[in-house]
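Before any comments, here is the structure.
Quick note: the coordinates plus some simple rules give every number you see, no bench work behind them. Keep in mind it's a predicted model, so treat the numbers as computed, not measured. Please note: Cβ atoms are built from the backbone with ideal geometry, for glycine as well, and neighbour counts cover all protein chains shown.
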Amino acid sequence: MSELFDVVLLTLLILTALAVARARDLAAAAILFAAYSLMLCLLWLHRGAPDVALTEAAVGAGVTTLLFLVVIARTSR
Amino acid sequence: MNPRLAAAFVTGLAVPMLAAMAALPRHGSPDQPIHTHVAREYIESGPETGNLVTAILLDYRGMDTFGEVVVIFVGLVAVLVLARHREPALPAASPSPIVAFIVRLVTPFIALFGFHVILSGLEVPGGGLQGAAILGGLVILNGFVFGPQHARSLLPGRLLPWLQGAGPLAFLAAGIVGGIATGFALGYPTHLPLLHEAMLMGVELGIGIGGALIFSRLYLALEDA
Amino acid sequence: MTTHWLPALVAIPIAGGVLVPTMSRRWAPAWGFGVLIATLGVALFLTGLLREDTVSYAVGGWPPPYGIELRFDVLSTFAVPIALVAALAVPFATHSNEPVTTPEGVAVILVGTGGMMGFVVAADFFTLFVFLEVLSISAYGMVAMSEERGAGLAAFRYLLMGTVASIVILLSVGLLYTLTGSLNMADVGQRLPDGGLPLHLAIGGLAAGFLLKAAVFPLHVWLPDAHATAPSAVSAILSGLIVKMGIIGLLRTPGLEHLHELLIWVGAASLLAGALFALVQDDLKRMLAYSTVSNIGLVVLGLAVDRTGATVHILNHAIIKASLFLAAGAFIHRAGSRRIEGTGRSMPLTTSAFAVGGIAAIGIPPTGGFTGKWMIVLGALEAGRWGFAVMILLGAVILALCYARFVVVVAFRPSPADREGTSEAPLVMLVPIFVLAALSVGVGIIGGPFAAFVGK
Amino acid sequence: MTPLLENLDYAATVVLLLIGLWTVLADSNLLKKLMGLNIMETAVFAFIVTSGMIEGGAAPILGPDAAPPFMAPIPHALVLTGIVVAVSTTALALALLLRVHREFGTLEIDELRKRW
C-alpha cells in the first residue's frame, strides 16, 4: 500500500519530529513544528483525507503554532 | 527523567508495539472489519452526493461533535479562569509598511474564504470547525501585526459571551428541534428537506462562528495572561 | 426503554455552563446551584427508571452500531453523587476568595459536571473518550483556580500526565476500531477477536490509561500536588468524583478478566502505599489526597475479586471524601492558613462532621465506607487471597491512625494565640458538610438493599 | 517479519508516537514537553486515519464522478474531533506555562525543582 510518495513523506515526517525533539531553541522548535504539521497535511491529502488535511493545516499548523509563538515571545523577554 | 533512561524505556516499548502493528490486518486490504462493517452501511445507504465525513460528523455521530465543541468551550473558560492577572500586553512592534499593507489587503478575502469553508462543508471538504480555525487564525494574524488591541476590536462587543457559546447552543437547538421533528435528539428530519438543510446550515454556522471567537479569545487571553 | 431525559442529563449542565458567562458575577453561583439541582433531579429520575429496565437512547435516531448510543445502566447511577457533590460545592465556595464562583469558574464546574454525565452514560468508546477529555480539561482548570504559588505547575503536571493517558486510551480505541470495525461498546464486545497481540495491546492500553486517570500507585504522582493546592470546594469534586471516572472507565473496558492478576497486585500496592504516605503527611489536604489513592487502590483490587463491592464502594466513597474535603476547607477558611491546629475547638459542628466522615472513610459499620469494603474483603477471601484480605484490613487500620491524628490536631491541640476568636464555619459552608456527612452514614444503612440492586 | 513490511505505515505512526513520548519524558523544558505531547497526538491521529485506508480508495466525497472503493469515512470524523481536543488542551497548557513562568521565572524543570 505504501507508494514511493508515502514512504518519502513518512521518512521526512519522522526526521522533522526528531528535529523538533532535539531543537534547543524554542522558536526554532515551533517553526519546525509548523513544518511538521504542514507535511502531515500533505500526507492526509495524498491519502484521500481532504477534511483532515484542511483541519490539520488550519488548526495544527495555524492556531497551535501561533499560540506557541505567542507564549515563546512572552516567556523569552 | 534523564534522556538515556527515557530512550531505553521508549525503545523497550517499541518492540511490543511494532509487533502488534505487524499483527494487524494487512494495511489497506478491503476485507478487514473497518470496511465490511459499519463503514459499508454509511457509503451504501448514505446520501447520494456530498461530503460523507461531514454527514457523519453532524448526522450519524452528532454526539461526538457536540462533545468536540464543548471541549473547545471548556478550554476557553478554563484559560479565562487563569487569566485573572491582567498584565499589560507588550506593546506590538510597529509593523513594516509592506507587511501592514499586505495583511490589511488580504484580511477581507481570508474572512470570505473562512465563511465559504464553514458553509460549503456539506458538499466539499470543509466544515464549521475548519472555517473557525481559518477565521481564528486570521484574527491572530491581525493581532501579531497590529497588536492585540486591534485584534480585540475585530471581535463583537456585547454579544461576545453569547456568540462564543454558539457551537454548543446550536447543538442544543438542533437537539430540541430534532427531538420534536424526528423523535430523537439531534435527528435531522429527512421527510422535511427544508428543515433538514436549515438545521445542518445552522449547526455549521454555530460551530464556525463559536469556534472562531473561541480561538481568538484563547489567543487574546494568552497575550495578556 | 428510551426517554428524552437521558440526553437531557448531559445537555442541562453543559447548557448551564455555556450560558453562565453571559450573566452578571452576582448571579453566577446561584445559577450554577440551580442548574446542578435540576441535574440531580434528572439523575434521580433516571435511577428510578432503572429499576424496571436499562434506559438506552439512540442519538439522532440511528440505531447502534451505526449511531451513538447513550445507556443509563448500574454504573451510570454514579450521576447522582456527581450532581449532588457538584451542587453542594458551588455554595460552599462562595466564601473563598479564589475564583471558584466567578462566571468562568462556575462555567468550568458546570461543563465539567456535564462531561462527567456524558462519560458515565456513553455506550460508545469514542464518545466516552470525548467526554473524558471534557471532564479532564475542566479538572485541569479546577486545579488552576487556586491562588497558591505552584498551583499552575501542579495543574500543568496533571495535564501532561492526564493527556498522555488520554493519548494511550485513544490509541487503544483506534486499535479496537481496527479489529472490530465498530465503536459501540456492546458491538465491540461481541466482535472482539479471541486473542492476538493487538487485542492485548488495546486492553492493556485502556487499562493503563484509566489507571493513570484514577491515580493508582505508581501512576498517582500528579494527584497530591493537584488536589492539595486546589481550592477545597473543588478538591471535593476532584477527589470525590473526577478520580472515580478512571475506575468507571476500567469497568467499561472489554476483556478486563485478562488483567485480573495485575489489578489485584496494583490495587494492593496502591492501597498500602496510599495509606503509608497519608500517615506521614502533616498537611490535612495532602493526607486526604493520599487516602484517596489508598481507597482507589482498594477499589481496583475489588474490581478483580468482587465487581459489585467495588461499584458500591466508589459510590459511597465519592460522598465520604467530598464531605471530608469540605470539612478541611472550613477549617482552613477559619484558620486563614493551612496551619489548622486547634481551630476545631471553637468549631464543634465542623469537627464532629469531620470525625463522622473519618469513621466512614475507615469503613466502620454502619457507615457507607463499610458496605463496599466488606464485600471486597469477602470476595478476596472467596478467591482464596488471604494475604490481600489482611492487607485491606491493615490499610483500614493505618487510615484510622491518620484520621485519629488529625482529629486530635484539630480539636485538642492548643491553637496559636492570635487565633482565639475563631467562630463556627458560616452556614453556607456548614449545610453542605452536614448533608454529605449525614449521607455518608445514611448510605451505609441503605447499603444492603442498594448492593443487592447493584448486583442485579 | 514480512507482515511488518506490509504494515509499514502503522510502524511509522508508532515511531512518531515514541519520538513524542521520548520528548515528553526526556526534555528539560516544559514547552518542549508540550510539543512532544502534540507530536504524540498527531501520531495517534495518523494511526487512526491510516487504519481507515483501502487500496485504490478515493476520498469519501460522494459525487457523480466519485467511484467506490472509498476510504472509511469514520476515522476522518474521529480525527477531526481529536485535533480539536488536542488544540484546546494545548491552549490551556500554554496558559498554565505562562503562569508558571510568571511565578517561577523559568520553564526549565531542573530550575523549577530548586525553586519549588
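Listing for the model above:
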read-out	value
Per principal axis, descending, Cα span of the protein assembly as shown in whole Å	79, 64, 60
Rg in Å to one decimal, and Dmax rounded to a whole Å, for the range C:336-376 via C-alpha atoms	13.6, 41
Among B:144-157, B:116-129, the order from most to least packed when residues are scored by Cβ within 10 Å on average	B:116-129, B:144-157
Sparse-neighbourhood loop sites, GluC sites (Glu not before Pro) in the range C:123-165 - DSSP loop, at most 13 other Cβ within 10 angstrom	C:Glu147
Inter-label distance for C:Val397 and A:Leu4, nm, one decimal - labels placed 7 Å from Cα along Cα-to-Cβ	7.4
Once the Cα gyration tensor of the range C:359-438 is diagonalised, semi-axes √(5λ) in Å	35, 17, 6
Equivalent ellipsoid dimensions for the range D:2-115 as semi-axes, Å, which come from the Cα gyration tensor, largest first	38, 18, 6
Within the range C:318-422, GluC sites (Glu not before Pro) in DSSP loop having at most 11 other beta-carbon neighbours inside 10 Å	C:Glu420
Only Lys, Arg (+1) and Asp, Glu (-1) charged, at Cβ; the protein assembly as shown dipole about Cα centre in debye	2740
Principal axis dimensions, the range C:54-136 - Cα atoms, whole angstrom, descending	48, 22, 18
Residue-wise HN-Hα coupling along the range C:398-412, computed from phi with Karplus coefficients 6.51, -1.76, 1.60 (Hz; x: Gly, Pro)	4, 4, 4, 4, 4, 5, 4, 4, 6, 4, 5, 4, 7, 9, 10
Dipole magnitude of chain C, debye to nearest 20 (Cβ charges: Lys/Arg +1, Asp/Glu -1, about Cα centre)	680
For the range C:159-212, radius of gyration divided by Kirkwood radius, i.e. Rg to Rh on alpha-carbons	1.00
Theoretical ellipticity at 222 nm over chain B - DSSP helices of four or more residues, -39500 (n - 2.57) apiece, nearest 500	-23000 deg cm²/dmol
Normalised convex hull volume, the range C:1-128, alpha-carbon set, Å³ per residue	97
All-pairs Cα distance distribution in the range C:259-456, expressed in whole percent, bin size 5 Å	1, 9, 17, 19, 18, 14, 9, 6, 4, 2, 1, 0
Separation between Cα centres of the range B:152-169 and the range C:177-217, rounded to whole Å	40
Cβ crowding within 10 Å averaged over residues, with C:96-107, C:44-55 ranked highest first	C:96-107, C:44-55
Under the Debye formula (equal points on every Cα, no solvent term), log10 I(q)/I(0) of the range C:18-60 at q = 0.14, 0.22, 0.26 Å⁻¹	-0.52, -0.77, -0.87
Kirkwood Rh and Cα Rg combined as Rg over Rh, evaluated for the range C:107-174	1.03
Chain C - Debye-derived log10 I(q)/I(0), Cα point model, q = 0.06, 0.09, 0.10 Å⁻¹	-0.23, -0.53, -0.66
Shape category assigned to the range B:89-183 from the gyration tensor of Cα positions, a/c cut at 1.5	oblate
Normalised per residue, the volume of the convex hull around the Cα set of chain B (Å³)	213
Crossing angle, helix A:26-46 versus chain A [Cα axis fit, 0-90 degrees, rounded to tens]	20
Two-decimal ratio, the range B:1-85, of alpha-carbon radius of gyration to 2.2 N^0.38 Å	1.78
Rounded to 10°, Cα long-axis angle of helix C:151-180 versus longest principal axis of chain C	20
Environment charge at B:Val69 (Cβ cut-off 13 Å; Lys +1, Arg +1, Asp -1, Glu -1)	-4
Derived scalar couplings ³J(HN,Hα) [the range C:101-115; Karplus, 6.51 cos²θ - 1.76 cosθ + 1.60; whole Hz; x for Gly, Pro]	9, 6, x, 5, x, 5, 4, 4, 5, 5, 5, x, 4, x, x
Under-5 Å amide H pairs with C:Phe72, H placed in peptide plane, nonlocal only	C:Val55, C:Ser56
Cα-Cα P(r), the range A:4-76, percent of pairs per 10 Å interval	21, 46, 26, 6, 0
In the range A:5-68, the trypsin sites (Lys or Arg not before Pro) that fall in loop regions by DSSP, at most 11 other Cβ within 10 Å	A:Arg24
Per-residue average of Cβ from other chains inside 10 Å of B:213-220	4
Within the range B:123-159, backbone nitrogen closer than 16 Å to the virtual label 7 Å beyond the Cα of B:Val106 toward Cβ	B:134-147
Candidate aspartates and glutamates - alpha carbon under 16 Å from C:Lys244, same-chain residues fewer than 8 apart omitted	C:Glu133
